[in-house]
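Notes for the one structure printed next.
The values are calculated or read from the model by the stated rules, or taken from the named source; none is laboratory data. Predicted, not measured: the structure shown is a model, and the values here were computed from it. Don't worry about glycine lacking a Cβ; one is built from the backbone with ideal geometry, like all the others, and counts go over all protein chains shown. The accessibility values were calculated without ligands, DNA or RNA, using every heavy atom of the protein model including side chains. Shrake-Rupley method; radii C 1.70, N 1.55, O 1.52, S 1.80 Å.
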Amino acid sequence: MELSKRAQGIEPSVTLAASAKAKALKAAGKDVLSLTVGEPDFPTPKNIQEAAKRAIENGTASYYTATPGIPALRQAVVDSIQTNYGLTYTPSQTIVTNGAKFALYLLFQVLLNEGDEVIIPTPYWVSYSEQVKLAGGVPVFVEALEENDYKVTVPQLEQVRSKKTKAILLNSPSNPTGMIYTKDELQAIGDWAVAHQLMIVADDIYGQLVYGEAVFTPMATISEAIRKQTIIINGVSKTYAMTGWRIGFAVGEQTVIQAMIDLASQASSNPAAVSQYAALEALTGPQDSVETMRQAFEERMEKVYVWLKDIPGLTVRKPQGAFYLFPNVRETMAICGYHDVDDFVEALLEEANVAVVTGKGFGAPDNIRLSYATDLATLEEAVKRIKNFVEKKQQK
Ligand SMILES: *Cc1c(COP(=O)(O)O)cnc(C)c1O
């Protein structure tokens, strides 16, 4: 059967492909260490699990809910934005979705006409460009340079702006770079977007995973004009170790949100009711597990960052948030005789038994992505293996 052009144009997610490959090798008995995962390694906190069990046992999780989510959860989303951002929204300005990923998908579908452009800073999270394309839009990439801590500037954005530009996407803290935009940087980009009436898609999913002196400033808090043009994307996956539950949300202008709700009502209906009750507990229950997990990530990052810098040729920025390191391995590859990061990543897997993700899927062919959402012993051994691999190739 001939598939649609739309389907034929989709690039499968490189991160999911990399972790699937690592899992398959492991299952075949190979001692593979995987640094590919984009999810916390912690189990969902107990209080959240218990809330889900109660919702199953008392029957409330048995039925369809309203498409945009149960009223209590939409209210909890609004309340959490009030607490964390100091911004007031009404529940009708929220939609609860099957993960933040589906919120983004819905948003591009209701926002873009054929040929509309969305500016996406690279390195970027793998799904943005594919989702834009699926909506008939055109991703327009702007390279955030390593020298500028992988952040884009207004002159760079202005260079690619056209009559067709509809929106700009911002992900801070960033997957894959771990970088956070400062308030001043956001102000400049936000003012520019407002001046040109561009929608700002703020993927704030790592907003609570912030380290050291770094501060997360949500784009929507910069000014009232910016807030009006910003759709906030967030969810419980990363903050509460709930990736498998699939609950995300979008918050912003009511007409946009309502269009997303209407589309979801035809596409997916509500996200799983049991997951909504779990997410309600996550947002309204005790928050101490969030800080415990954040500290664990920070402790690992501090160590792995130092270990990594020992690898010949590698340069890496110290992450300010999220749970990834995104080293530039151009020199390292040259030392080892590789010119293509996909080949380098393949060799690391086959010869060193370490799985990482190629930077190519993030639009960064000089980089690899390592996730530190795994235990310290695994991280230490994995970095050791990479270092040995490089040093052995170097001697040859
Ligand atoms: C993980 C992730 C998401 C989506 O998470 P969901 O599990 O779908 O809520 C969105 N954006 C970025 C940058 C991510 O890393």
**Request:** Pop out the ³J(HN,Hα) list for the stretch 324-339 in order, Karplus 6.51 cos²θ - 1.76 cosθ + 1.60 with θ = phi - 60°, rounded to Hz; leave Gly and Pro as x.
**Result:** 10, 10, 10, x, 8, 10, 4, 5, 4, 5, 4, 4, 8, x, 10, 10
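Where the only charges are on Cβ atoms (+1 Lys, Arg; -1 Asp, Glu), what is the dipole of the chain about its Cα centre, to the nearest 20 debye? Please report the intermediate quantities before stating the final value.
Details: 37 positive and 45 negative charges, 104 e Å.
For this selection, approximately 500 debye.
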**12 Å beta-carbon shell around LEU35, net charge (K/R +1, D/E -1)** = -1
**Asked** By the scheme Lys and Arg +1, Asp and Glu -1, what is the net charge of all other residues having a beta-carbon under 12 Å from that of MET301?
**Response** +2
**Message:** If you fit an axis through the alpha-carbon atoms of helix 341-352 and take the longest principal axis of the Cα set of the chain, what angle between them do you get, 0 to 90°, nearest 10?
**Reply:** 70
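Note down the net charge around THR60, summing +1 for each Lys or Arg and -1 for each Asp or Glu among other residues with Cβ under 13 Å from its Cβ.
Values: positive: LYS53, ARG54; negative: GLU57, GLU281.
Net charge around THR60: 0.
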**Request:** Please list the non-local residues whose amide H lies under 5 Å from the amide H of ASN367, H modeled 1.01 Å from N, same-chain partners needing a gap of 5 or more.
**Result:** VAL329, GLY359
**Message:** In the stretch 295-339, whose amide N lies under 12 Å from the spot 7 Å out along Cα-to-Cβ of GLU391? List them in ranges.
**Reply:** 310-312
**Prompt:** If you line up the long axis of helix 273-284 against the longest principal axis of the chain, both from Cα atoms, how many degrees apart are they, to the nearest 10?
**Reply:** 80
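Of all accessible surface on the stretch 61-284 at a 1.4 Å probe, what whole percent is carbon and sulfur? Walk me through the numbers on the way to the answer.
On the way: 4140 of 8310 Å².
Carbon and sulfur atoms account for 50 percent of the accessible area of the stretch 61-284.
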**Request:** Counting only C-alpha contacts under 8 Å and six or more residues apart, can you give the relative contact order of the stretch 22-143 as a whole percent?
**Result:** 15
**Request:** Quick one: compute the contact order of the stretch 61-284, relative version, from alpha carbon pairs under 8 angstrom and 6+ residues apart, as a percent.
**Result:** 28
**Complete:** Excluding residues fewer than 8 positions from LYS164 in its own chain, the lysines with Cα under 21 Å of it are LYS133, LYS228
**Item:** Extension reserve of the GLN156-LYS23 stretch, reckoned as 0.36 nm per residue once the Cα distance is removed
**Value:** 43.9 nm
**Complete:** For the chain, longest principal axis from Cα atoms; helix 46-57 axis from its Cα atoms; angle between them, nearest 10 degrees, is 50
**Message:** Need the full-extension length gain, ALA377 to GLU351, defined as separation in residues times 0.36 nm minus the C-alpha distance. One decimal, nm.
**Reply:** 7.4 nm
**Request:** Would you work out the charge dipole size for the stretch 61-284 about its Cα centre, treating the Cβ of every Lys and Arg as +1 and the Cβ of every Asp and Glu as -1, and quote it to the nearest 20 debye?
**Result:** 540
**Request:** Provide the per residue accessible area, probe 1.4 Å, for the chain, rounded to a whole number of square angstrom.
**Result:** 43
